[in-house]
Amino acid sequence: MPTVEPPRVAIVGAGPAGLFAAAALVADPDLRVDIFDRMPTPFGLLRYGVAPDHASIKAVATTLARVFESDRVRFLGLVEFGRDVTAAELVAAYDAVIYAVGAADDRRLGIPGEDLPGSRSARQFVAWYSGHPDAEPQPLAGVRDAVVVGVGNVAVDVARILLKDPASLSSTDMPDQVLEELRSAEVERVWLVGRRGPQHATFTTPELRELLETPGIAVTVEGCDLGAIDEPGLERHARANLAAIARAVAESPATPDRWLHLLFWHRPVELSGAGLVQAVRFEPTAPGGEAVTVRADLVLRSIGYLGVPLPGVPFDGGRIHNHEGRVLELDGSARPGEYAVGWIKRGPVGLIGSNKKDAAETVGHLLADLAVQPRRPLRNLDATLAARGVRPSDLADWRRIDEAEIARGGIRGRERTKIEAWHDLLDLVRAGQVKD
Ligand code: NAP
């Protein structure tokens, strides 16, 4: 009798969504899983998005990394979807393909002055302080007044990093240059601006409280009267947010080191400045409000991430077109063998942990489909990649990077210091490949 090869699944993206999906897949004793990523390092936004001072969330990486202990899982780093491999090639080489690429772009305000130097996306700023090798430098020297547009958790993260005493960040895994740049900043005020009221903000209460409790800051609220908000049916978390803000305002020190101004019911309409951003003009979004112009040396647009279409995969409304993780053609017809998880499936909302349930839903459908799907002969993708000169990095390469970062941190008395330069990451990958 001919032997039947175990089913093979490809996952594109080794972030939390991809790794939760991998963990759900290897629970099936038969499946083989190949996880592709354009980086030589796994963990996606856990490594390059979760704030460096959020060690407990980052620790989820330890749990997620367990999936690599299975000898049925391979990590193929430095393989970029669309450049090194296409959707059709993956479909030809695997019984199923899961796209777990997240949301790689950011939304834009679409207002004059948005591209002035000094106006940046929070995504870029986060990538920079997280040591992403593609991040652009973020000069902060001379920044006294910063405006953050948006009142979600990313806005809260970037505001906190700007307001914190840089000395308190020196134990994190931030690259040395980032810490130096933060030390050179002389931030005095951060404005956090919402186009709706504080009761509508999307930040979560623990994250908000952490920001409000930044040592040495005073908090003010502008654009609304907190005490007058009495909406029937206000959700518990909204009430908790309002209470946290009211308390922070009441308990603010008389002679603060820095200020956090929360401005609500205002939307930015123009950024202005001579060569560099200098001010942001806001118009009111509630009746009776007044236009406000805020001085700004730095503007961070934190108005949400945006999914980027994958070549050859149906895309609609900022997401892969799918139903509960099963990819669909744009006309709604079935597209067997392709699946989506995480932000590219459901949009850029939700915490790291939300991906577990999300992945379980997709993997449940995938396993049900595999059980009834006739097997077909599969192509050998390793050979295709080799013929193209694509040499994936592997887990041993990642472990070498991991150890080098831990060693780098050790010299500085920290748990880890990120390696943020491509050439250093690639040198560590090559150090392993020479032996092959
Ligand atoms: P988000 O929660 O969707 O927040 C986006 C913010 O931008 C909202 O305040 C939104 O206001 C505002 N906005 C959108 N378009 C705007 C415009 N044109 N002008 C002005 N304001 C505009 O997204 P996020 O902060 O990027 O976070 C993404 C996800 O990651 C969220 O689920 C978040 O909880 C999660 N996250 C969690 C953590 C953590 O520490 N736990 C950290 C970072 C991110 P409206 O509500 O009025 O649209």
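The values are calculated or read from the model by the stated rules, or taken from the named source; none is laboratory data. Quick caveat: nothing in here was measured; it's all calculated off a predicted structure. With ideal geometry, Cβ positions are generated from the backbone for all residues, glycine too; neighbour counts draw on all protein chains shown. Each accessible area value is taken on the protein alone, full model and side chains, heavy atoms only, with ligands, DNA and RNA left out. Shrake-Rupley method; radii C 1.70, N 1.55, O 1.52, S 1.80 Å.
Report whether or not residue 63 is outside the structural domain of residue 161 (by TED's automatic domain parsing), among the polar types (S, T, N, Q) and either in a strand (DSSP E or B) or within 22 Å of residue 404 (Cβ to Cβ) (or both). Don't jump to the end; show me each part of the working.
Values: outside the structural domain of residue 161 (by TED's automatic domain parsing): yes; among the polar types (S, T, N, Q): yes; either in a strand (DSSP E or B) or within 22 Å of residue 404 (Cβ to Cβ) (or both): no.
No: the conditions fail for residue 63.
Please go through segment 176-208 and pick out each residue that is at pLDDT 95 or above, away from the ligand (no atom under 15 Å from the Cβ) and part of a loop (DSSP other than H, G, I, E, B).
Passing the criteria: 187, 188.
Would you tally the residues in segment 209-244 being touching a residue at least 40 places away in the same chain (Cβ under 8 Å), within 16 Å of the ligand (Cβ to nearest atom) and outside any helix (DSSP H, G or I)?
Looking only at that region, the number is 5.
If we keep just the residues of segment 321-351 that are within 17 Å of residue 24 (Cβ to Cβ), small (Gly, Ala, Ser) and away from the ligand (no atom under 16 Å from the Cβ), which is surrounded by the fewest Cβ atoms within 10 Å (Cβ to Cβ)?
325
Please determine whether any residue of segment 119-129 is part of a loop (DSSP other than H, G, I, E, B) and open to solvent by less than 40 Å² (accessible area, probe 1.4 Å). Break it down into steps so the answer makes sense when it comes.
We begin by selecting, within segment 119-129, every residue part of a loop (DSSP other than H, G, I, E, B); these are none.
For segment 119-129, residues part of a loop (DSSP other than H, G, I, E, B) and open to solvent by less than 40 Å² (accessible area, probe 1.4 Å): absent.
Considering only segment 135-149, state which residues are over 25 Å from residue 263 (Cα atoms) and either touching a residue at least 60 places away in the same chain (Cβ under 8 Å) or buried (at least 16 other Cβ atoms within 10 Å of the Cβ) (or both).
Matches in segment 135-149: 135 only.
Only one residue in 374, 309 is touching a strand residue (DSSP E or B) at 6+ places or on another chain (Cβ under 7 Å), farther than 29 Å from residue 260 by Cα and in a loop (DSSP other than H, G, I, E, B). Which one?
On the way: 374 fails: touching a strand residue (DSSP E or B) at 6+ places or on another chain (Cβ under 7 Å).
Testing whether each residue is touching a strand residue (DSSP E or B) at 6+ places or on another chain (Cβ under 7 Å), farther than 29 Å from residue 260 by Cα and in a loop (DSSP other than H, G, I, E, B) leaves just 309.
List the number of the failed condition for residue 268; all other conditions in (1) outside any helix (DSSP H, G or I); (2) at pLDDT below 95 hold.
Only one criterion in (1) outside any helix (DSSP H, G or I); (2) at pLDDT below 95 is unmet by residue 268, namely (2).
What number of residues in segment 160-173 are open to solvent by less than 20 Å² (accessible area, probe 1.4 Å), among the aliphatic types (A, V, I, L, M) and more than 16 Å from the chain's Cα centre (by Cα)?
Matching residues across segment 160-173 total 3.
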